[in-house]
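Novice: I have a structure here, written as structure tokens, and I will follow up with some questions on it.
Nothing in this text is a laboratory measurement; each read-out follows from the coordinates by a stated rule. Quantities reported herein were computed from a predicted structural model and do not represent experimental measurements. Cβ coordinates were reconstructed from backbone atoms using ideal geometry, including for glycine residues, and neighbour counts include every protein chain displayed.
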Amino acid sequence: MQAILQQIQSEAQSLFGKGQVASYIPALAQVPPRQFGMAVARVDGRTYEVGAAHTPFSLQSITKLFAFVLALKLVGDELWLRVGREPSGAAFNSMVQLETEKGIPRNPFINAGALVITDILTTRYAHLDIALLGALRRLTDDANLSWNARIAKSERDTAHRNMAMAYFMKSYGNLVNPPELVLDNYCRQCAIEMNCAQLAQATLFLANQGRDISKDGHPGEQFLSADAARRVNALLLTCGAYDAAGDFAYRTGLPIKTGVGGGIVAVVPGKATVAVWAPELDGKGNSVLGGFALERLGELVDWEAGV
């Protein structure tokens with residue numbers, strides 16, 4: 001596995017310059033573009049890393065996965081009264097479908113859906129940022145995990161479209177809390193930072209029937225039921241990469257979640273999780289090198305053989 005990761009890192013170098021860092025959030029526009037990190041965490045406790053696997057980056061939309069799981073644990077199937085489970089086929093920040101579908105977002109992983117999830121959590125937690133960080137610190141076994149205040153402010157200062165979506169859903173009764181409060185929480189959530197090694201560790205419960213695995217390979221808490229983990233993975237496969245979800249499903253065959261910070265996390269059910277980070281994005285907001293790396297990993301690794 002280590003040799004395979006090194007091969008992928010070497011091959012990916014030719015793709016530098018094929019994308020651009022996110023520019024609509026000023027703080028992300030300052031991230032040096034030519035970086036690549038990758039980590040694999042197996043359910044038996046083995047880990048493999050290459051490149052900038054320990055360089056922190058802004059999770060951005062990848063946090064939608066963890067917020068969604070937290071909301072699912074809290075309210076269960078009631079969640080589906082306020083958000084759908086279908087691929088949107090539209091950009092992550094599109095408002096087009098909200099009017100025709102009466103303020104019900106297509107899925108939890110587009111921005112409108114993530115705002116509804118944040119609203120659910122805001123109702124439950126007085127300090128949502130602390131609650132979400134607490135869950136992520138348990139999953140990563142890292143008490144120092146935090147969010148970047150500079151990135152959160154930069155995102156909040158430019159969140160005009162998200163604010164418009166929040167007020168639009170409020171007009172349909174699908175937002176309970178003040179839109180300003182929801183957006184404050186959402187921007188702090190998106191500004192949580194991790195590195196590839198931490199991200200792979202944090203998502204291991206989705207590869208292990210909902211049960212967390214500690215850094216030393218020992219079983220941890222049952223973070224999510226096995227049935228719920230299976231359903232989350234299904235939603236990641238169909239909706240996790242914005243309007244490129246179908247393309248990613250075809251190329252990788254894996255449940256994934258992408259973010260405009262350049263990160264991607266993928267789940268190999270029963271086997272492992274994979275986190276990759278390279279901040280240069282394609283036109284749909286997904287990491288160019290990250291997508292390549294996951295596709296090549298699928299071509300080079302025989303998971304059933306235990307490589």
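Novice: For the chain, what's the relative contact order in percent, using C-alpha pairs closer than 8 Å and at least 6 residues apart? Don't skip to the answer; put the middle values down first.
Specialist: Details: 621 pairs, mean separation 86.0, N = 307.
Taking the mean separation of contacting Cα pairs over the length of the chain, I get 28 percent.
Novice: Also, quick follow-up: For the chain, with a Gaussian network of springs between Cα atoms less than 10 Å apart, report the residue from 177, 286, 107 with the top mean-square fluctuation.
Specialist: 177
Novice: Which length gain, in nm to one decimal place, applies between residue 74 and residue 131 when the Cα-Cα distance is subtracted from 0.36 nm times their residue separation?
Specialist: Length gained, residue 74 through residue 131: 19.3 nm.
Novice: Give me the net charge of residue 173's neighbourhood, meaning all other residues with Cβ under 11 Å from the Cβ of residue 173; Lys, Arg count +1, Asp, Glu -1.
Specialist: Taking every Cβ under 11 Å from that of residue 173, the sum is +3.
Novice: Another question, if that's okay. Per DSSP helix of 4 or more residues, -39500 (n - 2.57); summed, then divided by the residues of the chain. What does that give at 222 nm, rounded to the nearest 500?
Specialist: Counting only the DSSP helices, I get -13500 deg cm²/dmol.
Novice: For the range 1-151, what does the alpha-carbon gyration tensor say about shape, rounded, prolate or oblate, given a ≥ b ≥ c as the root eigenvalues, a/c under 1.5 as rounded, and a/b over b/c as prolate?
Specialist: It is prolate, given that a/c is not under 1.5 and a/b is the larger ratio.
Novice: Shifting gears a bit: Answer with one residue from 285, 208, 264: the one whose Cα lies farthest towards the positive end of the charge dipole of the chain, charges on Cβ with Lys, Arg +1 and Asp, Glu -1.
Specialist: 285
Novice: When 119, 243 are ordered from fewest to most other Cβ atoms inside 10 Å of their Cβ, what list results?
Specialist: Final ranking by Cβ density, sparse to dense: 243, 119.
Novice: Let me ask something else about it. Cut-off is 10 Å between beta-carbons; in what order do 168, 109 appear when sorted fewest neighbours first?
Specialist: Ranked by crowding around the Cβ, least crowded first: 168, 109.
Novice: If you don't mind, there's one more thing I want to ask. Take 15, 65, 224 and order them by how many other Cβ atoms sit within 10 Å, fewest up front.
Specialist: 15, 224, 65
Novice: If you don't mind, there's one more thing I want to ask. Once you list every other residue whose beta carbon is under 14 Å from the beta carbon of residue 145, what net charge do they have if Lys and Arg are +1 and Asp and Glu are -1?
Specialist: 0
Novice: Does the range 92-246 classify as rounded, prolate or oblate by the C-alpha gyration tensor (a ≥ b ≥ c root eigenvalues; a/c under 1.5 gives rounded; else a/b over b/c gives prolate, otherwise oblate)?
Specialist: Note, shape of the range 92-246 comes out prolate.
Novice: May I have the count of lysine pairs in the chain with C-alpha atoms under 28 Å apart, counting pairs 8 or more residues apart or located on different chains?
Specialist: Lysine pairs meeting the criterion: 28.
Novice: Please state, as a whole number in µm²/s, the translational diffusion coefficient that the Stokes-Einstein equation yields for the range 156-300 at 25 °C and 0.890 mPa s, with Rh defined as the Kirkwood radius across alpha carbon pairs.
Specialist: For these conditions, the coefficient is 148 µm²/s.
Novice: Calculate the length of the line joining the C-alpha centroid of the range 15-65 to that of the range 212-291, in whole Å.
Specialist: If you average the Cα positions of each part, the centres end up 13 Å apart.
Novice: As an exercise, use a Förster radius of 41 Å and the Cβ-Cβ distance of residue 172 and residue 3 to find the FRET efficiency, rounded to the nearest 0.05.
Specialist: After rounding to 0.05, the efficiency reads 0.15.
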